[in-house]
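What follows is one structure encoded as structure tokens, with my remarks underneath.
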Number of protein chains: 2
Amino acid sequence: MSQATVARVFSSPDKVAPATREKVRAAADRLGYVPNAIARSLKAQRTDIVGAIVPAFGEYWQHVLTLFSRQLTERRKQLLLFSFAEPSQVNDVLETVARYRLDGLIAASASIGPAQLARIEQLAMPTVAFNQPAAAGLVPSVTVDNEAGSQALAAHIVDRGARSAIFVGGIASTSTDQQRYRGAVAELGTHGVACRYVEAGAFSYEAGYKIAQHLADDVDDRADAILVGSDEVAFGVVDGLRERGIEAPRDVLLTGFDGLPQASWVGYDLTTLEQPVELLVEHALTRLLDDGHASESTDVVVPGTIRQGRTTNA
Amino acid sequence: MSQATVARVFSSPDKVAPATREKVRAAADRLGYVPNAIARSLKAQRTDIVGAIVPAFGEYWQHVLTLFSRQLTERRKQLLLFSFAEPSQVNDVLETVARYRLDGLIAASASIGPAQLARIEQLAMPTVAFNQPAAAGLVPSVTVDNEAGSQALAAHIVDRGARSAIFVGGIASTSTDQQRYRGAVAELGTHGVACRYVEAGAFSYEAGYKIAQHLADDVDDRADAILVGSDEVAFGVVDGLRERGIEAPRDVLLTGFDGLPQASWVGYDLTTLEQPVELLVEHALTRLLDDGHASESTDVVVPGTIRQGRTTNA
DNA sequence: TGCATCGATGACTACGTAGTCATAAGGTCG
DNA sequence: CGACCTTATGACTACGTAGTCATCGATGCA
């Protein structure tokens, strides 16, 4: 047996005579031999690994990651996770990413700014920005239609009789927040409904909970409807308002954004814009792995659908 | 400049004269050179990557994974994710795992049976079974103290006046279910309280929701308390019962197990056994990466603490 | 029987790094 | 000022694979 034959048995078995193949297989079993993917990657210049740069927190990202992992497994690829707790860590993370010659990179975080995107560009690694509108034009991107989604939600609450509204965002400087707010304002404007922006300070349950109590205490400034920029924050808002005796939809109409599984939980039953996450992930991976030619438009925007929950049942 | 000098600049900079170092750095910047981690791994027989085999579903695993990723990032290691939707996929996954020469492997799923653990053993890869009691003795493991936790919860509800109880598990054949049920039965037994086991059929919100409605409809078989084997199922149970007009703690005492973030959300405010997940993860990684000598006991069991929520506020 | 063809296999090499050893340049001290 | 030591650098090799090319035996056909 030569090393070459063994290699063939594991990489292109049909090029080896069946008898030899079996002998090699048996010997491998006996000796506990397993092909070395590292060496294979070095030689083949292909790792079968896709990297993902994501924030270390947040229900939404956990949910998305799970889907990426599932779909990658189906394609016989692995997911290498690069998570970061602080935006300041992103640069370090990028340098680490650069060292692994990944087959593709998923950039999923508002903390990845233009400078970082430029660095990614340099790496000459197939990249997709996932739900990060600010990256559009700089890097191929796949995004849910934030503006249209927000417009739909706004139209929905106007339809339910809202004459005043507040938009609760997570972090004002993020492009998702801006797009979602803009969509809401645009639609509400055509109906003569004003909409103030309020910043919760984070994309977290706790931030939503706190800001809701402030809103509740500020009696001068009640609104018919509260549009929350993301589901996780919305859950906090729902609970914070409840704490003050304000219940949706009785006292206020309330919507989220994202369509997390928990939004369907009966305890919240939130009206929200459901992202077609499976589809988004599929688009992202197609773009990353199958494409090659940038023939099609590099920025994909996929519409979401309204999930009608109890919180806007007038 | 020789290749050797360049290598030194990136792996042990202090062995290179400052002037040379800067020249190399500058040239690298100019040419876009980045060290190749794949080649490095091949040579060094060390990948700086830790693998994790986890189910593709479930809030709990998402939560744990996030923590692993965070702690690994601090140790300058990466997390390579191997997720599977069906238990039948585990064998395939294991073969893939074997090919990557990982620095360590986290086996976290009840679907990894003795046969699979034996295979893992063969790989001669540092391994830790995470919250998978059945692996104890076969592979080093880190687990929360399921029995003691369940006992504590049982004592708690007895203290709150429960005279009858039901245990709602996810999947009866899993070792976590069994340990948690056993703990409950043991403690309740000493107080003369019977405790039936009911299987939800999955570790999911939906399973809990459905089983709760069955329980509610079975009027002959009401109990003072329901001990649910995991938080995610418990959320479903809470909502399923509410749907039938049964509210905790008014009509029944209710507890979960795990201590997910959502348990603290005011909407549920669940009494549950909080796992010290940070600590568990730390133990797991220490065992995996720092240890080397199996001097200390290989099976670590860490106690949890009760989180007192509204659902047992008699 | 001789020649062309084809399938199976082996020898060899490159992928990019890190460690070993050798070598050259500079510095110290008697 | 020379023997010795230190520091910086280069040449070389192995890690385990896959692809290229060469080799060899068998088969088919005239």
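Here are the numbers for this structure:
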| quantity | calculated |
| --- | --- |
| Environment charge at B:Pro249 (Cβ cut-off 9 Å; Lys +1, Arg +1, Asp -1, Glu -1) | +1 |
| Of all accessible heavy-atom area on the protein assembly as shown, the percent that carbon and sulfur account for (1.4 Å) | 51 percent |
| Net charge contributed by nearby residues that have their C-beta within less than 12 Å of A:Tyr197 (K/R +1, D/E -1) | +1 |
| Positions from the stretch B:60-80 whose accessible area shrinks by 40 Å² or more when the full protein complex is built, not the chain alone, probe 1.4 Å | B:Gln62, B:Thr66, B:Ser69, B:Arg70, B:Thr73, B:Gln78, B:Leu79, B:Leu80 |
| Distances in nm from B:Arg242 to the matching label points in the other copies, shortest first (labels 7 Å along Cα to Cβ) | 0.5 |
| Helix A:114-123 axis, angle to chain A major axis (alpha carbon atoms, nearest 10°) | 10 degrees |
| Gyration tensor (alpha-carbon) shape descriptor, the protein assembly as shown, a/c threshold 1.5 | oblate |
| FRET efficiency for A:Ser88 and B:Ser2, using Cβ-Cβ distance with R0 set to 41 Å, rounded to 0.05 | 0.70 |
| Coil-residue trypsin sites (Lys or Arg not before Pro) of the stretch B:17-93, DSSP, other Cβ within 10 Å capped at 16 | B:Arg46, B:Arg75, B:Arg76 |
| Distances in nm from A:Arg30 to the matching label points in the other copies, shortest first (labels 7 Å along Cα to Cβ) | 5.7 |
| Fluctuation leader among B:Val237, B:Val185, B:Val266 - chain B, Gaussian network, Cα springs under 10 angstrom | B:Val266 |
| Copy-to-copy label separations for A:Arg182, where each label sits 7 Å from Cα toward Cβ, in nm and ascending | 6.0 |
| From phi via Karplus (6.51, -1.76, 1.60), per-residue ³J(HN,Hα) for the stretch A:229-239 in Hz, x at Gly/Pro | x, 7, 4, 4, 5, 4, 4, x, 4, 3, 5 |
| Average accessible area per residue (Å²) across chain A - probe 1.4 Å, nucleic acids and ligands excluded | 42 Å² |
| Computed [θ] at 222 nm, deg cm²/dmol, chain A (DSSP H ≥ 4; -39,500 (n - 2.57); rounded to nearest 500) | -13000 deg cm²/dmol |
| Local net charge near B:Val97, Cβ-Cβ under 15 Å (Lys/Arg +1, Asp/Glu -1) | +1 |
| Using alpha-carbon coordinates, inclination of helix B:205-217 to the longest axis of chain B, degrees | 10 degrees |
| Dipole of chain B, positive direction: furthest Cα of B:Gln122, B:Ala134, B:Gly170, with charges on the beta-carbon | B:Gln122 |
| Theoretical gain in end-to-end length, A:Tyr33 to A:Ile171 [0.36 nm per residue, Cα-Cα removed] | 44.5 nm |
| Pairs of Lys in the protein assembly as shown closer than 27 Å at Cα, counting only those 8 or more apart or on different chains | 14 |
| For the stretch A:140-151, 3J(HN,Hα) per residue [Karplus equation, 6.51 cos²θ - 1.76 cosθ + 1.60, θ = phi - 60°, Hz, x = Gly/Pro] | x, 9, 10, 9, 6, 6, 5, 5, 4, x, 5, 4 |
| Model label zone, A:Leu289; criterion: amide N under 16 Å from point 7 Å along Cα-to-beta-carbon; scope the stretch B:90-104 | B:93, B:96-97 |
| Förster radius 22 Å - calculated FRET efficiency between A:Val266 and B:Glu247, Cβ distance, rounded to 0.05 | 0.95 |
| Nonlocal amide H pairs with B:Leu254, under 5 Å, H built at 1.01 Å | B:Ile226, B:Thr312 |
| Where A meets B: accessible area buried, both sides, 1.4 Å probe, Å² | 4500 Å² |
| FRET E, pair A:Val302, B:Asp221, Förster distance 56 Å, beta-carbon r, rounded to 0.05 | 0.70 |
| Choice from B:Ser11, B:Ser111, B:Ser69 with maximal GNM fluctuation in chain B (Cα, 10 Å cutoff) | B:Ser11 |
| Ranking by accessible area, most exposed first, for A:Asp224, B:Asp269 with a 1.4 Å probe | A:Asp224, B:Asp269 |
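The values are calculated or read from the model by the stated rules, or taken from the named source; none is laboratory data. Keep in mind that this is a model prediction, so the values were computed, not measured. Counting neighbours? That spans all protein chains shown, and the Cβs are built from the backbone with ideal geometry, glycine included. Surface accessibility is based on the protein's heavy atoms, side chains included, excluding ligands, DNA and RNA. Shrake-Rupley method; radii C 1.70, N 1.55, O 1.52, S 1.80 Å.
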